[in-house]
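Read the structure below first, then the notes.
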Amino acid sequence: MAEQNRGNVLTEAMLRALCLPRGAVVPVPRGTALTPLAREYAAEQGLSISVNPSANAEGNLKPEHMTHLDALTLVPKTHPRIRLRGKLDSLEALLLQTRSLAQSQGRAGTERALGEVYDLAQRILGAEVKGEPLGPFTLFGLDSAALRAQSHVGTHPAPHIGLGRLCLALNFLRTQVRETELAAAEAFVPPNGPVERPDLLEALNRMSSAVHLLFLNEINSR
């Protein structure tokens, strides 16, 4: 006997997103569970839930303009948290590119430091997706308070073309961390009400400070 699909859940939000006419038939894979609100909505709209063993849950229940925020929540791809995940994904890709450049220029210390920043970016993305606390973190042996203090010490030279590829890449990386931080603020700082996920906002702010410190270190090592 073929094994039934497990873990498929049909929610009210998923049904609404399909924008089906009254009386429509909704094919679902065998083993799909309906939430209570999905059952109520289907009854109100006269929708018929039809078990189709060959139906693909992702293809039949999720419109192209929607994506999963979590296992039970379907949202438009323009949702602020989905945009934040995209920015974090792009940031990780840029971190890998910058690490590769540092490695190619024999800057082993900078490459290792960027590896720490990359690991923190992965932790931030995982904590956001799973809805879990980020927990304590350090970068270059510095905790959050020390990173903030260090970033305000000394002069802050303006970038210019004569600094070389790695310095300019680090400066660009810093700007992308800032943009990711802004995306997090859009996702977690409501117009009214308490700030959500202050741990992620703090971590991204300190990440920006950390990359700025790497930029200054590269300038001073020239």
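Computed values, structure above
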| item | result |
| --- | --- |
| Residue list for region 198-213, restricted to those being open to solvent by 20 Å² or more (accessible area, probe 1.4 Å) and either without any contact (Cβ under 8 Å) to a residue 60 or more places away in the chain or in a loop (DSSP other than H, G, I, E, B) (or both) | Pro198, Leu201, Glu202, Asn205 |
| Among the candidates Gly23, Gly46, residue that is touching a Lys or Arg at 6+ places or on another chain (Cβ under 8 Å), open to solvent by less than 60 Å² (accessible area, probe 1.4 Å) and either within 30 Å of Lys130 (Cβ to Cβ) or modelled with pLDDT of 75 or more (or both) | Gly46 |
| Hits in region 135-154 (condition: under 23 Å from Lys87 (Cβ atoms), at pLDDT below 95 and part of a loop (DSSP other than H, G, I, E, B)) | Ser151 |
| Residue in region 182-197 that is more than 20 Å from Thr78 (Cα to Cα) and either assigned to a helix (DSSP H, G or I) or within 13 Å of the chain's Cα centre (by Cα) (or both) present | no |
| Residue count, region 124-134 (criterion: in contact (Cβ under 8 Å) with a residue 40 or more places away in the chain and either in a helix (DSSP H, G or I) or open to solvent by less than 60 Å² (accessible area, probe 1.4 Å) (or both)) | 7 |
| Checklist (1) open to solvent by less than 70 Å² (accessible area, probe 1.4 Å); (2) touching a Leu at 6+ places or on another chain (Cβ under 9 Å) applied to Phe172, failing item | (1) |
| Number of positions in region 73-96 that are open to solvent by less than 50 Å² (accessible area, probe 1.4 Å), touching a strand residue (DSSP E or B) at 6+ places or on another chain (Cβ under 7 Å) and in a helix (DSSP H, G or I) | 1 |
| Near pairs, Cβ below 8 angstrom, 6+ apart or cross-chain, from region 79-92 (of a type in the set (A, V, I, L, M, F, W, C)) to any residue that is in a helix (DSSP H, G or I) and open to solvent by 50 Å² or more (accessible area, probe 1.4 Å) | Leu84/Glu186 |
| Any chance Gly106 is in a loop (DSSP other than H, G, I, E, B), at pLDDT below 95 and on the phi > 0 side of the Ramachandran plot | no |
| Pro157 open to solvent by less than 70 Å² (accessible area, probe 1.4 Å), over 19 Å from Gly126 (Cα atoms) and modelled with pLDDT under 95 | yes |
| Failed criterion for Pro159 (all others in (1) in contact with a Pro (Cβ under 6 Å, 6 or more places away or on another chain); (2) not in a helix (DSSP H, G or I) hold) | (1) |
| Qualifying positions in region 68-99 - of a type outside the set (D, E, K, R), out of contact with any Asp or Glu (no Cβ under 8 Å at 6 or more places or on another chain) and closer than 19 Å to Thr175 by Cα | Gly86, Ser90, Leu91, Ala93, Leu94, Leu95, Leu96, Gln97, Thr98 |
| Unique residue being in a loop (DSSP other than H, G, I, E, B), charged (D, E, K, R) and out of contact with any strand residue (DSSP E or B) (no Cβ under 9 Å at 6 or more places or on another chain) when the list is Arg178, Arg174, Arg222 | Arg222 |
| Positions within region 181-208 being closer than 18 Å to Lys87 by Cβ and among the small types (Gly, Ala, Ser), in sequence order | Ala183, Ala184, Ala185, Ala187, Ala203, Ser208 |
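The values are calculated or read from the model by the stated rules, or taken from the named source; none is laboratory data. Worth saying up front: this structure is predicted, and the values here are computed from it rather than measured. For neighbour counting, all protein chains shown are included, and Cβ atoms are generated from backbone atoms with ideal geometry for every residue, glycine included. Heavy atoms of the whole protein, side chains included, go into the accessibility calculation; ligands, DNA and RNA do not. Shrake-Rupley method; radii C 1.70, N 1.55, O 1.52, S 1.80 Å.
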